[in-house]
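Worksheet for the structure shown next.
The values are calculated or read from the model by the stated rules, or taken from the named source; none is laboratory data. Predicted, not measured: the structure shown is a model, and the values here were computed from it. Here the Cβ positions follow ideal geometry from the backbone for every residue, glycine too, while neighbour counts run over all protein chains shown.
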Amino acid sequence: MAAAAGLGLRRVLVLASRLGQLRAGMGGRLLPLAAGPRRHAAHFTFQPDAEPSAHGQTQKMNLFQSITSALDNTLSRDPTAVIFGEDVAFGGVFRCTVGLRDKYGKDRVFNTPLCEQGIVGFGIGVAVAGATAIAEIQFADYIFPAFDQIVNEAAKYRYRSGDLFNCGSLTIRAPWGCVGHGALYHSQSPEAFFAHCPGIKVVIPRSPLQAKGLLLSCIEDKNPCIFFEPKILYRAAVEQVPVEPYYIPLSQAEVLQEGSDVTLVAWGTQVHVIREVATMAQEKLGVSCEVIDLKTILPWDTEAVCKSVVKTGRLLISHEAPLTGGFASEISSTVQEVDALPDTRSKSVTGKLCELWHSPTMDPNLHWKKSRTLHSNGRWPPHHLPSIPTEY
Amino acid sequence: MRKMLLAALSRVLQGPAAAARPVSRVVVASRNYADFTSEATFDIKKCDLHLLEEGPPVTAVLTREEGLRYYRTMHTIRRMELKSDQLYKQKIIRGFCHLCDGQEACCVGLQAAMKQTDHLITAYRAHGYVHTRGTPVREILAELTGRKGGCAKGKGGSMHMYGPNFYGGNGIVGAQVPLGAGIALACKYFGKDEICLTLYGDGAANQGQIFETYNMAALWKLPCIFICENNRYGMGTSVERAAASTDYYKRGDYIPGIRVDGMDILCVREATKFAAEHCRSGKGPMLMELQTYRYHGHSMSDPGISYRTREEIQEVRSKSDPITLLKDRMVNSNLSSVEELKEIDVEVRKEIEDAAQFATTDPEPPLEDLGNHIYKNEPPFEVRGPSQWIKYKSVC
């Protein structure tokens, strides 16, 4: 059975990369230039979810508008809520805070100078004193000066004070992930660094509908949360989103598509890629994939993923961040310890059963994607090598 | 001279056919460069001082040769930036592109005062500095377009260019300042009488690590000149809205500082000479604030007019443009003529065109280079690509 399982999986592995070639053949839109690199369309097509009926009137919104809506709801209901960060006053570099300063006043929506460590430290202080603090870090790549504040201060405040103090009303938002032209410092996915830190929560939505619900849950949550927003989806993802507030629970993964042969796990932008792969796998090779959107990285829904792997017997995790120490390794090692998996499988799990890599479904010519997943940590900005996908 | 005029006069009197030929052409064609003066002295703006008794001199001597050289270099940088703008709009350059037109006097002035063996490090608005530190324009443009003829082999792009004694080209603002102090420490340690010029912007001036660096540099008397290029806007935020104290030259607190008119190349040169002398004599670091201006927005995706008015940009362009300032000075004191400078313009334009041609036709780096330069390792090791069957060799 293990052999069969291994073989079955190997089929999937091969399938995945061949799919990438098929997609290239079926043609992303190629825009040849007289000189210079060729540009392809984005590496996926965003599929909107169905309009929800349970939360009242909806409005067509893209990702940044759904974030604005969530922040608007928060500022109107919570008189202690404040939003701050670099350039948030005029609306933010991604337009996430447009109109809020005019509506709620400059004492509630204000700019900070260029100092991430200061922004987060300040945010922790605001939260400890009892206000709801929503701090924006302009790009997730710039969060590292604030790493000490997040890990050493925010995450440990409740614990070290014996629950006397906490900064639970702090939420940090940051644009996250590849965008096609971001290179080294505008494309990073640092969720794995924060996954190693108990005391905070890390959440990554895949769409406007998810983003608003999850962001409102993060703000409500009594723990400091980091909310990463996939920047490539800011304009590309459009859905009907309820105008009123609604909450999507944290630490609950969602099974987007039931399947029986293999479990595909991803979060953020990559969910859309693996959804496409799942469709192609079904059409071309008759492989039934179960697609899971993890949503919350820390604390993650171990039960949902393990339950799915027990059902299908195979797991494939895909993320943009580098392989070594990436969050996939955490998921993989946890799944391998599950008792419910039969012995024969658990043996092959260590090497063959549980495979994880990044963007296997990419057109193999999408070198910029591959370059970011180099084995030994590689962060590299070949943003002008051939075949770069266009930005939205 | 008289013979010339006589010839001109006779031609004029010869008749309509000859009269149609403009006399002035004859005069210009035979003018020789011995007519120019060899040097001139100019008054420059006095610098504001912090913790200093005396500042840089208020007059500067400019020789004809220096003037022409500065003019050529500034004009090259200006044309190069405008060319990059054009190539970006044609989508031949992609990614991020931060242009420094308007700030040419800073790069050329600093280079005029420092030695080639001195070191310089700055943030991402670096194209001018890359050039003044010795990289030819064609390599810079090729780097912008991502070709292997680029100075970083096409792997760095606009924000990550490096050159001889030029340490980049850094993306995270403020992070290059402790690096600069480290370079200064190495200079002091090796005892080769070198200094390090560490640049940052008005936005980055509020980063915590800069103050940590000030402390270390002052404590250990490092030969480091901290230079704040204050172009009044940190991306879209004006300095008044970002900083409690906009006197950036005083922000070093215990470090002496000078505030310099960054649009006047002579002012920058004299101030840098003064600061370099201070550092080389072992007195410790110094802080310079260069008051300058950028015409373009923060980057190519910023139109640059939502946080400042077009009138403001126009005003600076007409009153304080560094190239025009130098040109006027040179022409008015007979160091050069408008025509000679125009000739330089034409040559520079051609040079930029050739460089752009190279930049658009040079091949891109090969795929085999993808895994290189991650670690220094012998022998080369294999690096995994996005799937387990794709491997790249990492050579360094």
> If we scan region B:198-213, do we find a residue that is among the aliphatic types (A, V, I, L, M), assigned to a strand (DSSP E or B) and at pLDDT 95 or above?
Replying inline: yes
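Here's a check for you: in region B:98-121, which residue that is under 17 Å from B:His296 (Cβ atoms) and touching a strand residue (DSSP E or B) at 6+ places or on another chain (Cβ under 7 Å) is surrounded by the fewest Cβ atoms within 10 Å (Cβ to Cβ)? Even if it seems obvious, please write down each step before you answer.
Keep residues of region B:98-121 that are under 17 Å from B:His296 (Cβ atoms), which gives B:98-107.
Checking which are touching a strand residue (DSSP E or B) at 6+ places or on another chain (Cβ under 7 Å) leaves us with B:103, B:106.
Values: B:Gln103: 25, B:Cys106: 30.
Per the stated criteria, the residue is B:Gln103.
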> For B:Ile227, are the conditions met, namely being in contact (Cβ under 8 Å) with a residue 40 or more places away in the chain, in contact with a helix residue (DSSP H, G or I) (Cβ under 7 Å, 6 or more places away or on another chain) and buried (at least 21 other Cβ atoms within 10 Å of the Cβ)?
Replying inline: no
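What do you reckon, is A:Thr68 modelled with pLDDT of 50 or more, in a loop (DSSP other than H, G, I, E, B) and of a type in the set (Val, Ile, Thr)? Steps first, answer last, please.
Numbers: modelled with pLDDT of 50 or more: yes; in a loop (DSSP other than H, G, I, E, B): no; of a type in the set (Val, Ile, Thr): yes.
It is false that A:Thr68 is modelled with pLDDT of 50 or more, in a loop (DSSP other than H, G, I, E, B) and of a type in the set (Val, Ile, Thr).
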> Counting only residues that are away from chain A (no Cβ under 12 Å) and at pLDDT 90 or above, which one in region B:163-177 is farthest from A:Ala183 (Cα to Cα)?
Replying inline: B:Asn165
> Give me the pairs: first residue in region B:293-311 and closer than 18 Å to B:Gly171 by Cβ, second residue outside any loop (DSSP other than H, G, I, E, B), beta-carbon distance under 6 Å, and six or more apart or on different chains, which are they?
Replying inline: B:Met300/B:Tyr88
>> One residue is enough: does region B:356-375 have a residue meeting the conditions small (Gly, Ala, Ser), more than 7 Å from chain A (Cβ to nearest Cβ), assigned to a loop (DSSP other than H, G, I, E, B) and crowded, with 18+ Cβ neighbours inside 10 Å?
In response: no
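Within region A:175-198, track down each residue that is assigned to a helix (DSSP H, G or I), among the hydrophobic types (A, V, I, L, M, F, W, C) and either within 14 Å of chain B (Cβ to nearest Cβ) or farther than 15 Å from A:Ala321 by Cα (or both).
Quick first cut of region A:175-198, residues assigned to a helix (DSSP H, G or I) only: A:183-185, A:191-195.
Still in the running and among the hydrophobic types (A, V, I, L, M, F, W, C): A:183-184, A:192-195.
Passing the criteria: A:Ala183, A:Leu184.
Within region B:107-122, is even one residue without any contact (Cβ under 8 Å) to a residue 40 or more places away in the chain and within 14 Å of chain A (Cβ to nearest Cβ)?
If we filter region B:107-122 for residues that are without any contact (Cβ under 8 Å) to a residue 40 or more places away in the chain, which is where we start, we get B:107, B:111.
Right, trim to within 14 Å of chain A (Cβ to nearest Cβ) and you get none.
Checked region B:107-122: no residue is without any contact (Cβ under 8 Å) to a residue 40 or more places away in the chain and within 14 Å of chain A (Cβ to nearest Cβ).
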> Given the conditions (1) away from chain A (no Cβ under 11 Å); (2) on the phi > 0 side of the Ramachandran plot; (3) without any contact (Cβ under 8 Å) to a residue 60 or more places away in the chain; (4) of a type outside the set (Ser, Thr, Tyr), which single one is not true for B:Asp193?
Replying inline: (3)
> If you scan region B:46-67, which residues turn out to be buried (at least 18 other Cβ atoms within 10 Å of the Cβ) and either free of Cβ contacts under 8 Å to residues at least 40 places away in the same chain or closer than 11 Å to B:Ser336 by Cα (or both)?
Replying inline: B:Arg64, B:Gly67
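Do you know which of the residues in region B:330-346 that are assigned to a helix (DSSP H, G or I) and touching a residue at least 24 places away in the same chain (Cβ under 8 Å) is surrounded by the fewest Cβ atoms within 10 Å (Cβ to Cβ)?
By that ranking, first place goes to B:Glu339.
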> When you scan region B:86-95, how many residues do you find that are within 19 Å of B:Lys155 (Cβ to Cβ) and either touching a strand residue (DSSP E or B) at 6+ places or on another chain (Cβ under 6 Å) or more than 7 Å from every other protein chain (Cβ to nearest Cβ) (or both)?
Replying inline: 3
> Is there any pair with a first residue in region A:83-94 that is farther than 16 Å from A:Phe122 by Cα and more than 10 Å from every other protein chain (Cβ to nearest Cβ) and a second that is part of a strand (DSSP E or B) and at pLDDT 90 or above whose Cβ atoms are under 6 Å apart and which are 6 or more apart or on different chains, and what are they?
Replying inline: A:Phe94/A:Pro175
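Going residue by residue through region B:90-97, is there one that turns out to be surrounded by fewer than 20 Cβ atoms within 10 Å (Cβ to Cβ), of a type in the set (S, T, N, Q) and in a helix (DSSP H, G or I)? Walk me through it before giving the result.
Step one: filter region B:90-97 for residues surrounded by fewer than 20 Cβ atoms within 10 Å (Cβ to Cβ), giving B:90-91.
The next check asks that each one be of a type in the set (S, T, N, Q); those that pass are B:90.
Now restrict to residues that are in a helix (DSSP H, G or I): none.
Among the residues of region B:90-97, not one is surrounded by fewer than 20 Cβ atoms within 10 Å (Cβ to Cβ), of a type in the set (S, T, N, Q) and in a helix (DSSP H, G or I), which makes the answer no.
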> If you take the residues of region A:95-114 that are away from every other protein chain (no Cβ under 14 Å) and in a loop (DSSP other than H, G, I, E, B), which of them is surrounded by the fewest Cβ atoms within 10 Å (Cβ to Cβ)?
Replying inline: A:Asp107
> How many residues are within 18 Å of the chain's Cα centre (by Cα) and surrounded by 15 or more Cβ atoms within 10 Å (Cβ to Cβ) if we restrict to region A:237-251?
Replying inline: 7
> In region B:230-255, which residue that is buried (at least 22 other Cβ atoms within 10 Å of the Cβ) and out of contact with any Phe, Trp or Tyr (no Cβ under 9 Å at 6 or more places or on another chain) is nearest to the other protein chains (Cβ to nearest Cβ)?
Replying inline: B:Gly234
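Quick check on this structure: which one of A:Ile150, A:Ile119, A:Ile172 is under 23 Å from the mean Cα position of the chain (by Cα), surrounded by 20 or more Cβ atoms within 10 Å (Cβ to Cβ), within 14 Å of chain B (Cβ to nearest Cβ) and closer than 24 Å to B:Phe211 by Cβ?
Values: A:Ile150 fails: within 14 Å of chain B (Cβ to nearest Cβ); A:Ile172 fails: within 14 Å of chain B (Cβ to nearest Cβ).
None of the other options fit; the residue is A:Ile119.
Within region B:273-329, how many residues turn out to be of a type in the set (Gly, Ala, Ser) and either within 20 Å of B:Gly55 (Cβ to Cβ) or in a helix (DSSP H, G or I) (or both)? Before the answer, list the steps.
Kept after step one, since they are of a type in the set (Gly, Ala, Ser), are these residues of region B:273-329: B:275-276, B:281-282, B:284, B:297, B:299, B:301, B:304, B:306, B:318, B:320.
After this cut, where a residue has to be either within 20 Å of B:Gly55 (Cβ to Cβ) or in a helix (DSSP H, G or I) (or both) as well, the list is B:275-276, B:281-282, B:284, B:318, B:320.
Qualifying residue count for the region: 7.
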>> So the check is Cβ under 8 Å with 6+ separation or different chains; which pairs have a first residue in region A:217-239 that's touching a residue at least 24 places away in the same chain (Cβ under 8 Å) and closer than 13 Å to A:Arg206 by Cβ and a second one that's assigned to a helix (DSSP H, G or I) and of a type in the set (D, E, K, R)?
In response: A:Phe228/A:Glu191
> Of A:Glu276, A:Glu220, which residue is over 23 Å from A:Ala321 (Cβ atoms), charged (D, E, K, R) and surrounded by fewer than 20 Cβ atoms within 10 Å (Cβ to Cβ)?
Replying inline: A:Glu220
>> Give me the residue from region B:27-45 that is modelled with pLDDT under 90 and of a type in the set (Val, Ile, Thr) and, out of that set, surrounded by the fewest Cβ atoms within 10 Å (Cβ to Cβ).
In response: B:Val28
> Is there a residue being in contact (Cβ under 8 Å) with a residue 60 or more places away in the chain, of a type outside the set (Ser, Thr, Tyr) and within 29 Å of B:Ser158 (Cα to Cα) anywhere in region B:367-379?
Replying inline: yes
>> Residues that are within 25 Å of A:Arg77 (Cα to Cα): list the strands (runs of 3 or more DSSP E) wholly contained in region A:199-290 that include at least 2 such residues.
In response: A:201-203, A:225-230, A:238-242
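Table: residues versus (1) under 13 Å from the mean Cα position of the chain (by Cα); (2) under 12 Å from B:Thr76 (Cβ atoms); (3) at pLDDT 95 or above.
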residue: B:Phe96; (1), (2), (3): no, no, no
residue: B:Val108; (1), (2), (3): yes, yes, yes
residue: B:Gln116; (1), (2), (3): no, no, no
residue: B:Tyr124; (1), (2), (3): yes, no, no
residue: B:Gly134; (1), (2), (3): yes, no, no
residue: B:Glu143; (1), (2), (3): no, no, no
residue: B:Gly146; (1), (2), (3): no, no, no
> Does any residue in region A:35-48 that is within 13 Å of another protein chain (Cβ to nearest Cβ) and farther than 10 Å from B:Ile92 by Cα come within less than 7 Å, Cβ to Cβ, of a residue that is modelled with pLDDT of 85 or more and in a loop (DSSP other than H, G, I, E, B) six or more places away or on a different chain, and which pairs are these?
Replying inline: none
